Amino acid sequence: MTNKYMYFIANWKMFGGLNSLNSLNTVTKFFEKFKKSKFVKIIYCPPNTLLESMSKKLKKSRIDVGAQNCHEQENYGAFTGSINPMMLKSVGAKYIIIGHSENRKMGETDNLINQKINSTLKAKLKVIFCIGETLKQKRKKMTKKILDTQIKLGLKKIKNKKDILIAYEPVWSIGTGLVPKNNDLLETVSFIKKKSKNSKVLYGGSVNSNNINELKLVNNIDGFLIGGASQNSKKFIDIIKKTYN
Ligand code: 13P
């Protein structure tokens, strides 16, 4: 595990103002000196309001910036309040998170997610494609069926999968402190890799500096998508350090 290329993606969700950017100094300083940095890809996904200033701030670091969602249209249009991938790219985004369960909950369908993935790839950005089952679905032992459907519909007719990272985020694990058992995670991640053909698969859901020592033992995981703990630089750095310890 210690010499594996891993992604550490910070999803700030609807948190953070301009003053939050100061906290990145700690992370850039740490990363400059970190001995294993060549194995580490850090991506910050702040709210859109911070994208431009954050990408400027991180310009000289090897840390990338991404957005948390986008409109499905590739081109400009009369869509009040929406922003398309090309516009996000123009302010420094290199990645876009698509299909997060918090957006699926608000009505985002697999079909819409598929359109967003297409537009993002057309804009030459990379996709962080989120999938995951709810607690109810897990209890009914439907996890694989749900993931299979989300993958099939979300990636429908998409040939170029090399710019897609899949983030497995069980809905019951997000913000709850609950994480899947390592054996279950190992099995689910290999199922996702098989079904999605060759994509990199990250895990997300309550990742923190306490459970990372356990989670890092799941050897087919290619990184972590981190919510709450990513807003605190010290905790975020701790997660990276411990992964390579
Ligand atoms: P938490 O790490 O806060 O559980 O959030 C996970 C998540 O939703 C990342 O996209």
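The values are calculated or read from the model by the stated rules, or taken from the named source; none is laboratory data. Bear in mind the structure is a predicted one, so any value in this text is a computation, not a measurement. Every residue, glycine as well, gets a Cβ built from its backbone with ideal geometry; the counts of neighbours run over all protein chains shown. Only protein heavy atoms, including side chains, enter the accessible area calculation; ligands, DNA and RNA are left aside. Shrake-Rupley method; radii C 1.70, N 1.55, O 1.52, S 1.80 Å.
Largest accessible area first, the listed residues Lys138, Lys161 line up as Lys138, Lys161 when surface is computed with a 1.4 Å probe on the assembled protein chains.
Over the chain, give the accessible area per residue in Å² for a 1.4 Å probe, as an integer.
Working: 12390 Å² over 245 residues.
For the chain, the solvent-accessible area averages 51 Å² per residue.
Each Lys and Arg Cβ is given +1 and each Asp and Glu Cβ -1; about its Cα centre, the chain then shows a dipole of about 780 debye. Proximity of backbone amide H atoms, modeled 1.01 Å from N, is registered between Gly204 and Tyr168, Glu169, Leu225 at under 5 Å, excluding neighbours fewer than 5 places apart on the same chain. Comparing Asn22, Met54, Val40 along the charge dipole axis of region 1-65, the residue lying farthest to the positive side is Val40, per the Cβ-charge model.
If I take R0 = 35 Å and measure r between the Cβ atoms of Thr26 and Thr149 in this structure, what FRET efficiency does the formula 1/(1 + (r/R0)^6) give, to the nearest 0.05? Step by step, r from the Cβ atoms, then E = 0.30. Based on the Kirkwood radius over alpha-carbon pairs, what is the Stokes-Einstein translational diffusion coefficient of region 108-245 at 4 °C with 1.567 mPa s viscosity, in µm²/s? Translational diffusion coefficient: 84 µm²/s.
Within the accessible area of the chain, the carbon and sulfur atoms contribute 52%, probe 1.4 Å, all protein chains present. Please report how far the C-alpha centroid of region 136-171 lies from that of region 206-237, rounded to the nearest whole angstrom. Each part reduced to its Cα centre gives a spacing of 21 Å.
Comparing Cα centroids, region 85-130 and region 1-80 end up 15 angstrom apart. In the chain, the convex hull through the Cα atoms has an average projected area of 12.3 nm², a quarter of its surface area. Tally Lys and Arg at +1 and Asp and Glu at -1 over the other residues with C-beta under 12 Å from the C-beta of Leu125: what net charge comes out? For residues surrounding Leu125, the net value is +3.
How do Ile174, Ile158 stack up against each other in accessible area, from largest to smallest, with a 1.4 angstrom probe? All intermediate terms of the calculation are to be shown ahead of the outcome.
Working: Ile174 35, Ile158 10 Å².
Greatest to least solvent exposure: Ile174, Ile158.
At q = 0.12 Å⁻¹, what log₁₀ I(q)/I(0) does region 1-134 have when each alpha carbon counts as one equal point scatterer in the Debye sum? Rounded to two decimals, the profile gives -0.49. Among Leu186, Ser199, Pro170, flag the residue with its Cα farthest along the positive direction of the charge dipole of region 142-245, charges on Cβ as +1 for Lys/Arg and -1 for Asp/Glu. Working it through, the farthest residue towards the positive pole turns out to be Ser199. For region 46-164, a crude dipole built from +1 on the beta carbon of Lys and Arg and -1 on the beta carbon of Asp and Glu, taken about the Cα centre, is about 620 debye to the nearest 20. In terms of the Cα gyration tensor, with a ≥ b ≥ c the square roots of its eigenvalues, is region 67-172 rounded because a/c is under 1.5, prolate because a/b exceeds b/c, or oblate? Prolate.
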